[in-house]
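Heads up, the thing below is written out as structure tokens.
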Amino acid sequence: QVQLEESGGGLVQAGGSLRVSCAASGRTLRNTVLGWFRQAPGKEREFVAGITWSGENLYNSNSVKGRFTISRDNAKNTVYLQMDTLKPEDTAVYYCAARLYSISTMVGAYNYWGQGTQVTVSS
């Protein structure tokens, strides 16, 4: 079992920055992929970014690449999502998720989920 807890969401103006964090606990996290997804009202949950234990990463190029940066601190069992140049369309609940070995962009591929943290970008 893996428990995930997000923090750091909030309200920010367009063009601003915000960093959300996800603290993981439970079984050993070696070989665990940590990912960020988001879900806006009335929309499906979508992949934002993922990172492997060794630091390989993947981004949703269409919407966030170049503005968001994912990183992880294995010693702290924490993954971060630094969000810069935020846009109103980035407004969503941001979820942390975990699975083994390889990054997937599919919601169903992840076994563990956090409760989510709200990010609101005002125009």
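With the charge dipole of the chain set up from +1 on Lys and Arg Cβ and -1 on Asp and Glu Cβ about the Cα centre, the Cα lying farthest toward the positive end among the listed residues PHE68, THR52, THR28 is that of THR28. Near the amide H of TRP53, within less than 5 Å, lie the amide hydrogens of ASN31, THR32, all on another chain or at least 5 residues away, with H placed in the peptide plane.
Among 35-45, 100-110, sorting by the average number of other beta carbon atoms lying within 10 angstrom of each residue, highest first, gives 35-45, 100-110.
Charge dipole (Cα centre; +1 on Lys/Arg Cβ, -1 on Asp/Glu Cβ; no other charges) of region 58-123 amounts to roughly 140 debye. Taken about its Cα centre, the chain carries a charge dipole of roughly 180 debye when the Cβ of each Lys and Arg holds +1 and the Cβ of each Asp and Glu holds -1. Surface composition of the chain: carbon plus sulfur atoms contribute 45% of the solvent-accessible area (1.4 Å probe, protein chains only, all chains present).
Approximating the spin labels as points 7 Å out from Cα along Cα→Cβ, the ARG45-to-GLN3 distance works out to 1.9 nm.
For a quick protection proxy, order the peptides 20-31, 87-98 by their average other-Cβ count within 10 Å, most packed first. Could you put the intermediate results ahead of the total?
Values: 20-31: 15.5, 87-98: 19.7.
Top of the packing list down: 87-98, 20-31.
The residues of the chain present an accessible area of 51 Å² per residue when probed at 1.4 Å with all protein chains retained. Does anything in region 1-28 have its amide N under 16 Å from the 7 Å Cα→Cβ label point of ARG67, and if so which residues? Residues passing the 16 Å test: 10-20.
The values are calculated or read from the model by the stated rules, or taken from the named source; none is laboratory data. The structure displayed is predicted, hence computed values, not measured ones. Because the Cβ atoms are built from the backbone with ideal geometry, glycine has one as well, and the counts that use them run over all protein chains shown. Surface areas here come from the heavy atoms of the whole protein model, side chains and all, with no ligands, DNA or RNA. Shrake-Rupley method; radii C 1.70, N 1.55, O 1.52, S 1.80 Å.
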